[in-house]
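The block underneath contains the structure these notes are about, expressed in structure tokens.
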Amino acid sequence: MAVPERRVGNEQIAERLGVEVDWIVKRTGTSSRRWATEGERLSDFASRAASAALERGGVAAADVDLVVVATSTADEITPNAAPLVAGQIGASRAAAFDVGAACTGWLAGVATACGQIESGRARHAVVVGADFLSRFLDPTDRSTTPLFADGAGAAVISAADGSDGSIGPVVLHSDHAGADLIRLERGKRISMQGQETFRAAVSRLSEVTLEALAASESTLEDIDLFVYHQANSRIIRAVGERLGLDPERVVDYVDRFANSSTATLPIALSVAEAEDRLRAGDRVLLATFGGGFTWGATVLQWSASKPEG
């Protein structure tokens with residue numbers, strides 16, 4: 001993972017929004033968020049996260065076949081972020097393209113990488129989620145400004161012999177009926193209808209959790225850690241309560257990192273591993289929900305070992 005050094009606390013935005021600090025915490029679960037400074041580039045943070053993932057996985061950049069960057073906020077409309085990231089990390093022989101599915105983008109990228117590997121068309125893929133949403137916020141909008149953050153997270157996905165680590169199936173869905181509830185139009189700012197989005201997110205995340213479990217022939221009891229899109233602590237708690245999950249098995253880092261859209265899942269995995277909540281062999285459920293509407297989930301077995309070859 002790679003996040004900006006600039007940390008913006010609730011105190012810095014509460015007065016401008018005309019709310020109390022406690023109101024922000026109660027509504028979002030966030031105490032601070034990372035925002036990029038002027039001149040910082042999303043592609044640089046995506047590259048830093050990708051390089052760290054390659055080092056951790058013991059994969060040489062020259063061996064990477066595919067680089068996927070999930071983002072809604074690339075530095076330019078073109079070039080896409082992925083070719084820039086591939087170049088910066090030294091993946092000179094890799095195919096590279098961006099994926100846009102709002103907050104579901106990183107999981108969609110994982111599904112794409114898995115398909116390439118399963119078909120034998122790739123052996124090593126780097127999947128990055130990166131967004132700089134602070135640049136598209138209306139500083140007077142209390143429904144969006146406290147929620148969103150900047151950052152990048154990445155994972156290396158490699159072919160394996162089945163003895164260490166597995167992913168999927170990845171379940172993905174969409175529903176255009178919710179398209180107007182979260183919008184970012186060209187040249188404008190993010191707008192969101194919070195209550196309607198909240199209800200849809202809780203419902204869809206709960207449903208897709210059970211769907212992904214069934215697809216992987218697993219049960220709730222089989223999962224060591226539940227990692228949901230870190231959009232809002234209230235959403236995470238509501239899903240956990242609806243499914244009867246032990247809070248100790250549910251990740252919530254919204255307090256420290258807020259909602260960095262496509263980056264929340266890989267950032268949450270990185271932090272969970274660093275804090276020893278995620279260990280080799282653990283079964284993890286990932287689920288996410290975003291604008292469009294888009295949503296999805298998968299069950300994976302966490303691998304901390306370096307792949308062979």
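Condition test on residue 283, is it open to solvent by 20 Å² or more (accessible area, probe 1.4 Å), more than 22 Å from residue 176 (Cα to Cα) and out of contact with any Pro (no Cβ under 9 Å at 6 or more places or on another chain)?
Here the answer is yes, as residue 283 does meet what is asked.
Please enumerate the residues belonging to the stretch 1-27 that are part of a helix (DSSP H, G or I) and among the acidic types (Asp, Glu).
Selection gives 11, 15, 22.
With the structure loaded, tell me whether residue 278 is outside any helix (DSSP H, G or I), buried (at least 17 other Cβ atoms within 10 Å of the Cβ) and more than 20 Å from the chain's Cα centre (by Cα) or whether it fails that test.
Taking the combined requirement at face value, the residue does not satisfy it.
Please find, among 241, 207, 221, the residue that is open to solvent by 70 Å² or more (accessible area, probe 1.4 Å) and under 20 Å from the mean Cα position of the chain (by Cα).
Only one candidate passes the filter, namely 207.
What number of residues within the stretch 205-262 are in contact with a Ser or Thr (Cβ under 9 Å, 6 or more places away or on another chain), assigned to a helix (DSSP H, G or I) and among the acidic types (Asp, Glu)?
2
Which of the residues belonging to the stretch 95-128 are assigned to a loop (DSSP other than H, G, I, E, B), of a type in the set (Gly, Ala, Ser) and open to solvent by less than 20 Å² (accessible area, probe 1.4 Å)?
122
Name the single residue that is farthest from the chain's Cα centre (by Cα) among those in the stretch 286-304 being farther than 20 Å from residue 182 by Cβ, open to solvent by 10 Å² or more (accessible area, probe 1.4 Å) and among the hydrophobic types (A, V, I, L, M, F, W, C).
304
The values are calculated or read from the model by the stated rules, or taken from the named source; none is laboratory data. Everything numeric here is computed off the predicted structure, so don't read it as measured data. Ideal geometry is used to build each Cβ from the backbone, glycine not excepted, and the neighbour counts take in all protein chains shown. Note: areas computed on protein heavy atoms with side chains; ligands, DNA, RNA excluded. Shrake-Rupley method; radii C 1.70, N 1.55, O 1.52, S 1.80 Å.
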